[in-house]
1. Between 113, 133, which is part of a helix (DSSP H, G or I), surrounded by fewer than 19 Cβ atoms within 10 Å (Cβ to Cβ) and touching a residue at least 24 places away in the same chain (Cβ under 8 Å)?
2. I need the full set of residues from the stretch 142-160 which are assigned to a helix (DSSP H, G or I) and more than 10 Å from the ligand (Cβ to nearest atom), in order please.
3. Restricting to the stretch 140-150, name every residue that is touching a helix residue (DSSP H, G or I) at 6+ places or on another chain (Cβ under 7 Å) and more than 15 Å from residue 102 (Cβ to Cβ).
4. Which pairs turn up if I take residues in the stretch 163-177 that are over 18 Å from residue 32 (Cβ atoms) and without any contact (Cβ under 8 Å) to a residue 40 or more places away in the chain and look for partners that are in a helix (DSSP H, G or I) and within 9 Å of the ligand (Cβ to nearest atom) with beta carbon separation below 6 Å, at least 6 apart in sequence or on another chain?
5. State which residue is nearest to the ligand (Cβ to nearest atom) when the search covers only the stretch 115-133 and only residues that are out of contact with any helix residue (DSSP H, G or I) (no Cβ under 7 Å at 6 or more places or on another chain) and more than 16 Å from residue 70 (Cα to Cα).
6. For the stretch 99-109, state whether one or more residues are within 13 Å of the ligand (Cβ to nearest atom), more than 13 Å from the chain's Cα centre (by Cα) and surrounded by 14 or more Cβ atoms within 10 Å (Cβ to Cβ).
Ligand SMILES: *[C@@H]1O[C@H](CO)[C@@H](O)[C@H](O)[C@H]1NC(C)=O
């Protein structure tokens, strides 16, 4: 009798352990809730936030730090990457536009770096404005290719879209903080 009681006690403990260790995602999950605001970029959003070990603390301010760090990391290499794409093309119409994109990428990096400083001092509203401006700056690059007779290189589009998406994650988070 004592033996079977002990077994069921262990089973209860084990079930409790399972429940605590593997909480079901979905309801009450802050990251899922935030990322649901950007349905078409949700996988990138979830991946960016969840892969950072700091995200185990489900806190908006921590998520703001994680997302701006992801933006800084991505934006840092962007100007030189865009420049290298310019060196690979020969069409002068494309070259000229890519030169403009290098400047856009530098300006976006400046805005994102400033946004990170503002997150450090918890000025989330101002940080968000800098991020918005950086996002707009990146889209200027893309728009210059809409003018006929210049095809935007696929790698350029992918790089710009990725940083715009990362910046958008940060904007969604800081919207809730300011
Ligand atoms: C960032 O820019 C892209 C491209 O212009 C746009 O689709 C997206 O909505 C912008 N993100 C935010 C949060 O404004």
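1. Of the residues listed, the single one that is part of a helix (DSSP H, G or I), surrounded by fewer than 19 Cβ atoms within 10 Å (Cβ to Cβ) and touching a residue at least 24 places away in the same chain (Cβ under 8 Å) is 113.
2. Answer for the stretch 142-160, where residues must be assigned to a helix (DSSP H, G or I) and more than 10 Å from the ligand (Cβ to nearest atom): 144, 154, 155, 156, 157, 158, 159.
3. 149, 150
4. 164/135; 164/138
5. 129
6. Yes, the stretch 99-109 contains a residue that is within 13 Å of the ligand (Cβ to nearest atom), more than 13 Å from the chain's Cα centre (by Cα) and surrounded by 14 or more Cβ atoms within 10 Å (Cβ to Cβ).
Laboratory data are not the source of any read-out in this text; all were calculated from the coordinates shown. Owing to the predicted nature of the structure, the values given are computational and were not obtained by experimental measurement. Using ideal geometry, Cβ is built from the backbone for each residue, glycine included, and neighbour counts are taken over all protein chains shown.
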